[in-house]
Amino acid sequence: MTEPIVQYRDVYKSFGDVKVLKGINLDIHAGEKVAVIGPSGSGKTTIIRMLMTLEEPTSGDIIVSGENLWKMEKNGKEVRANEKHLRKVRGDIGMVFQHFNLFPHMTILENCMTAPIHVKKEDKHEVRERAIQMLERVGLGDKIDNYPSQLSGGQKQRVAMARAVVMRPKIMLFDEVTSALDPELVGEVLEVIRDLAQHEDMAMVLVTHEMDFALDIADKVLFLDEGVIAEQGSARDVIEHSQNERLQSFLSRFR
Ligand code: ADP
């Protein structure tokens with residue numbers, strides 16, 4: 001098998017005295033769809049925030065496309081990564097948050113165009129075409145000149161996804177993207193993720209409480225419990241056939 005696109009090697013993370021992650025080892029391969037499940041506070045969000053460089057590990061390594069995210073070489077020595085190195089490695093990664101994080105003063109189309117133009121210095125016309133195509137793909141072709149405040153929560157979340165995909169990341173991170181939505185809006189957002197999972201070859205890591213959804217789209221499911229990966233395997237093995245008592249007790253809340 002080819003080299004994983006993401007590798008966590010013995011990653012620990014504490015906030016003050018609180019040990020949140022206690023030795024995470026994980027490989028994610030190109031195009032792989034990974035669902036992360038587990039009780040609240042088990043460290044799911046922290047795992048993906050570290051990949052987005054929003055948190056720094058206390059120890060251990062995270063390697064993305066062969067580059068150590070947080071460390072770089074300088075004069076033959078390993079030193080903490082500077083902002084330039086982080087920006088470069090982070091260029092492969094896109095993230096969608098629970099609370100959309102759209103720019104309120106920009107139209108939907110401008111929201112999707114700003115990063116490729118200003119961060120990646122891409123051609124404006126080419127980006128515009130791509131952004132319009134993506135917005136059509138998520139069912140918002142008729143809203144491109146609207147502002148975020150004019151959209152429903154589900155529509156905002158679909159814009160956030162289009163915006164992330166326009167950057168052409170190799171890995172997309174989804175942090176409980178449906179949990180702030182009214183229940184009737186969850187389906188339309190899951191449908192967009194399902195479409196992306198089926199038709200885009202980027203890897204995806206999804207923190208989710210939607211077990212049927214995870215079962216449906218994930219190649220691999222991780223059960224995180226008290227800061228360790230307590231179980232990992234195919235969606236069917238983990239969600240339907242695991243003998244792990246804590247996992248069974250966690251899953252029973254969704255039945
Ligand atoms: P999950 O996503 O599984 O609910 P999180 O990764 O959000 O878990 O959080 C794991 C633990 O880390 C929680 O106890 C949370 O309070 C703590 N934590 C997360 N981020 C911070 C932070 N920035 N400062 C202090 N504690 C944090």
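Brief remarks follow.
- Residues in the range 169-188 that are more than 16 Å from the ligand (Cβ to nearest atom) and either in contact (Cβ under 8 Å) with a residue 40 or more places away in the chain or buried (at least 24 other Cβ atoms within 10 Å of the Cβ) (or both): Pro169, Lys170, Ile171, Met172, Glu188.
- Only one of the listed residues (Ile24, Ile63) is away from the ligand (no atom under 16 Å from the Cβ), touching a residue at least 12 places away in the same chain (Cβ under 8 Å) and part of a strand (DSSP E or B). That residue is Ile63.
- Restricting the range 27-54 to residues that are free of Cβ contacts under 8 Å to residues at least 60 places away in the same chain and in a loop (DSSP other than H, G, I, E, B), the residue that is farthest from the ligand (Cβ to nearest atom) is Thr53.
- A count restricted to the range 122-140 and to residues that are farther than 15 Å from Val159 by Cβ, touching a helix residue (DSSP H, G or I) at 6+ places or on another chain (Cβ under 6 Å) and in a loop (DSSP other than H, G, I, E, B) stands at 1.
- Among the residues of the range 142-157, those that are free of Cβ contacts under 8 Å to residues at least 60 places away in the same chain and either β-branched (Val, Ile, Thr) or surrounded by 13 or more Cβ atoms within 10 Å (Cβ to Cβ) (or both) comprise Lys143, Ile144, Asn146, Tyr147, Pro148, Leu151, Ser152, Gly153, Gly154, Gln155, Lys156.
- Flag for His209 being free of Cβ contacts under 8 Å to residues at least 40 places away in the same chain and surrounded by fewer than 18 Cβ atoms within 10 Å (Cβ to Cβ): no
We did not get these values from a lab; they are worked out from the coordinates using the rules stated. Here the structure is a predicted model, which means the values were calculated and not measured. Positions of Cβ are generated from backbone atoms using ideal geometry, with glycine treated the same way; all protein chains shown enter the neighbour counts.
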